[in-house]
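The values are calculated or read from the model by the stated rules, or taken from the named source; none is laboratory data. Quantities reported herein were computed from a predicted structural model and do not represent experimental measurements. Positions of Cβ are backbone-derived with ideal geometry, glycine not excepted, and every protein chain shown enters the neighbour counts.
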Amino acid sequence: MARQLKRLTTRTVTALAKIGRHADGGNLYLTISKTDSGLSKRWTFMFALAGKQREAGFGSASIVTLAEAREKAAEYRSMLAKGIDPLSAKQAAREAAAARRTFGQCADELIKSKRREWRSEKHAGQWRKTVTEYCGPIWDVPVDAIDTQAILSILQPIWETILETASRLRGRIEAVLDYGKAHGLRSGENPAAWRGHLSLILPRRQKLSKGHHAALPYRDVPTFVGKLREQEAIQTLALEFCILTAARSGEVLGARWDEFDLEGKVWVIRASRMKAALSIGFRCLRVRSKSPNAWPRSGAGILSFLANAAGSRSVTHPCGGFVPMPEQCTGSGHRFAIGAAKKPISREN
């Protein structure tokens, strides 16, 4: 048996030039053929199964060494001894590998499926940026092969240094793995889950680690608004309107004329512009100021002022109400204009 196996040597593999098959033993052959560029040497495994002669290729002899070819041949002989067709097994393995979607593929699919649900392209961009920037080590890994150690290798380096990003990243990895499980691509517990799993491994984040933002005492608001009205800039109107309605800055800056009932002094923001995706109405309130001046003193007054400056109360503009004008930007920040006015509005308008 020893003479039947390992007939070839590395030197003979290099020196052989005779066209045809050269047996190494155990069904392994060095096959030499002539091509336009010279001689081609490749490894083949010859076997018979169900009365048919079959041939499997192991690759070029210039890439696959003699030792590697022998190892592969031993694997194929073992499968044949068990009644397994090596070629069928190889094809099945390829199909299984193709069916094992990677973490990156699942992330792309999840982002695509959720894009309509997310209210802004910015959020979708942030979602994708987070997972692509930090999940490189697992991006091409089959989603069913990702375990706790793989998750920790991503989270631990940033868990106590980039707190908010690390927390969001964990949640997004968990969502991608849940997506894979929902589509039958993985099973078992989610290794990125916090409760009952990572909460026992990673330190809990401290709430408000940077503290609250500085806030103005409510008793000082009238004095502040009085000083605000002394400024001849449209952004002060936007800020005052934000204070009077207690709305978010994004809701104010994206306001449209058709959202306002000037006679009823009510502002109704459509659900698509609200963070909670619920339509809500604001009463345009008044605030008492300690600084008498000619600026409007209620949310409704501000709107009337802007509507008159724009020339019509019924004008709508695709960009909305208080709109940042990039061409008007200064080093200190944006100036804002009502969409229909097409220019910054100041006190003199």
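Observations
- Selection from the range 93-126 of residues that are in contact with a Leu (Cβ under 9 Å, 6 or more places away or on another chain) and in contact (Cβ under 8 Å) with a residue 40 or more places away in the chain: ARG100, ARG101, PHE103, CYS106
- Looking only at residues of the range 254-266 that are outside any helix (DSSP H, G or I) and within 35 Å of the chain's Cα centre (by Cα), we find that the one that is surrounded by the most Cβ atoms within 10 Å (Cβ to Cβ) is ALA255.
- Qualifying helices (runs of 4 or more DSSP H) (wholly inside the range 109-219; at least 3 residues being over 24 Å from ALA96 (Cα atoms)): 121-134, 148-155, 163-182
- Candidates LYS52, LYS112, LYS90, LYS72 - the one that is outside the structural domain of ILE19 (by TED's automatic domain parsing) and not aliphatic (A, V, I, L, M): LYS112
- Flag for SER62 being of a type outside the set (Val, Ile, Thr), out of contact with any strand residue (DSSP E or B) (no Cβ under 6 Å at 6 or more places or on another chain) and closer than 28 Å to THR14 by Cβ: yes
- You will find that of LYS82, LYS52, LYS72, LYS90, the residue that is of a type outside the set (Phe, Trp, Tyr), free of Cβ contacts under 8 Å to residues at least 60 places away in the same chain, more than 21 Å from THR9 (Cα to Cα) and in contact with a strand residue (DSSP E or B) (Cβ under 8 Å, 6 or more places away or on another chain) is LYS90 and no other.
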